[in-house]
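**Student:** There's a structure below that I have some questions on.
The values are calculated or read from the model by the stated rules, or taken from the named source; none is laboratory data. These numbers come from a predicted model, not from an experiment. Cβ atoms come from the backbone with ideal geometry, glycine included; neighbour counts cover every protein chain shown. Side chains are part of the model used for accessible areas, which takes the heavy atoms of the whole protein and leaves out ligands, DNA and RNA. Shrake-Rupley method; radii C 1.70, N 1.55, O 1.52, S 1.80 Å.
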Amino acid sequence: MSKPAFSFEFFPAKTEQGHEKLLSTYDELNKLSPAYFSVTYGAGGSTRSRTLDIVQALSARSETEIAPHMSCIGDDKAQIAELLEFYKSLGIRRLVALRGDLPSGQVGMGELPFAVDLVKFIREHSGDHFHIEVAAYPEMHPQARSFEFDVDNLVNKYRAGANASITQFFYNADSYLYLRDTLEKRGIDTIAQPLVAGIMPITNSSNLIRFADSCGADIPRYVRKRLADFGDDSKSIREFGFDVVYRLCERLMSEGVPAMHFYSMNKVEPNKRLVEALGLTV
């Protein structure tokens, strides 16, 4: 059985000290030989300058690919075209194309209101220069009208030119497998056009619950109960969280998952521990 590819996500640091720490984290995780690192982009480009700074710094640091997130909501085509040209100048060949969240107080969706519109525009502007990843939701986007509507949206992103999709994090492997099988029935080859599993290590219960509640990801009842039982026992939370995520990844690997994308939260551990324990670096 071939081992799945793996990658990591970073978010831009807010301070110079945080920026330097992120570079150190990158150096440590890069030793594991990931396929690429992605870098997030805030609502309406709210972290635009910080994203550009870290993308530029990381792309010059090694040969490992850097995949900037691009969001389209609230931006016009000229701004996006300028960004595409900037990324080309850095030698960037991979992007994560997202709708993004509307910033607080902003009215109007802009010229490219949805991720499918952004994918189409990138292809019109840059042809096949970029490998484009889009978002997928095994447990349905919280704003989608139905699961079928959400699958339609994902299929349309593939057909518009997306090369792969990265899922929102999840802890129920069956939700990923159901989405995979549904896409296959719709004519999407999820190996040639990978459905990448988004993996969130569990290290802090309050942060995890907040993230999950904001994005519609389900935390199984037994996980919530155990985390609540641990209270402030951070060591027990980390050990239990490692076991939960390790078992999830093992199940996905047994089902032939093509790739896993770790939401690193800008930390070396437990991402390094998981990747090594799963034998992904061997």
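**Student:** Roughly what % antiparallel, to the nearest 5, for the DSSP beta bridges in the chain? Intermediate results must be reported in sequence, preceding the final value.
**Tutor:** Values: 0 of 27 bridges.
The antiparallel proportion sits near 0 percent.
**Student:** Rank these residues by their accessible area, most exposed first, probe 1.4 Å: LYS157, LYS14. List each step's numbers first, then the result.
**Tutor:** Numbers: LYS157 10, LYS14 170 Å².
Result, largest first: LYS14, LYS157.
**Student:** Longest span of the chain, sites excluded, free of GluC sites (Glu not before Pro) in DSSP loop with at most 13 other C-beta atoms within 10 Å?
**Tutor:** In the chain, the maximal stretch lacking such sites is 64-254.
**Student:** Between the range 188-245 and the range 1-18, what is the separation of their alpha carbon centroids in Å?
**Tutor:** Distance between centres, Cα-based: 17 Å.
**Student:** If DNA, RNA and ligands are ignored and the probe is 1.4 Å, what is the ranking of LYS77, LYS185, LYS235 by accessible area, most exposed first?
**Tutor:** LYS185, LYS235, LYS77
**Student:** What residue among PRO220, PRO68, PRO12 shows peak mean-square fluctuation when the chain is described by a Gaussian network model with Cα springs under 10 Å?
**Tutor:** PRO220
**Student:** Now for a separate question. Keeping all protein chains in the complex and leaving out DNA, RNA and ligands, what accessible area do you get for ARG226 with a 1.4 Å probe, in Å² to the nearest 10?
**Tutor:** Result for ARG226: roughly 100 Å² accessible.
**Student:** Accessible area, 1.4 Å probe, largest first: how do HIS125, HIS19 sort?
**Tutor:** HIS125, HIS19
**Student:** Leaving out ligands, DNA and RNA but keeping every protein chain, what accessible area does SER126 have, in Å² rounded to the nearest 10, with a 1.4 Å probe?
**Tutor:** 10
**Student:** Please state the charge dipole magnitude for the range 1-89, taken about the Cα centre, from unit charges on C-beta atoms (+1 on K and R, -1 on D and E), reported in debye and rounded to the nearest 20.
**Tutor:** Result for the range 1-89 is approximately 160 debye, rounded to the nearest 20.
**Student:** Suppose a student asked you for the relative contact order of the chain, using Cα pairs under 8 Å spaced at least 6 residues apart; what percent would you report? Please list the in-between numbers first.
**Tutor:** Values: 451 pairs, mean separation 58.5, N = 282.
Here the relative contact order equals 21 percent.
**Student:** Among LYS77/LYS157; LYS235/LYS272; LYS31/LYS267; LYS235/LYS267; LYS14/LYS267, which pairs are too far apart, with a Cα-Cα distance over 23 Å?
**Tutor:** Going by Cα-Cα distance, every pair falls inside the 23 Å limit.
**Student:** Report, in debye and to the nearest 20, how large the dipole of the range 3-276 comes out about its Cα centre when Lys and Arg carry +1 and Asp and Glu carry -1 on their Cβ.
**Tutor:** 220
**Student:** A follow-up question, please. Please work out the average accessible area per residue across the range 231-282, using the 1.4 Å probe convention, and give it in Å².
**Tutor:** Roughly 46 Å² per residue, with all protein chains present.
**Student:** Determine the share of the chain's accessible area contributed by carbon and sulfur atoms, expressed in whole percent, with a 1.4 angstrom probe.
**Tutor:** 47
**Student:** Give the label of the value calculated from the structure for volume of the Cα convex hull per residue in Å³, choosing from (1) 116; (2) 222; (3) 135.
**Tutor:** Given (1) 116; (2) 222; (3) 135, the calculated one carries the label (3).
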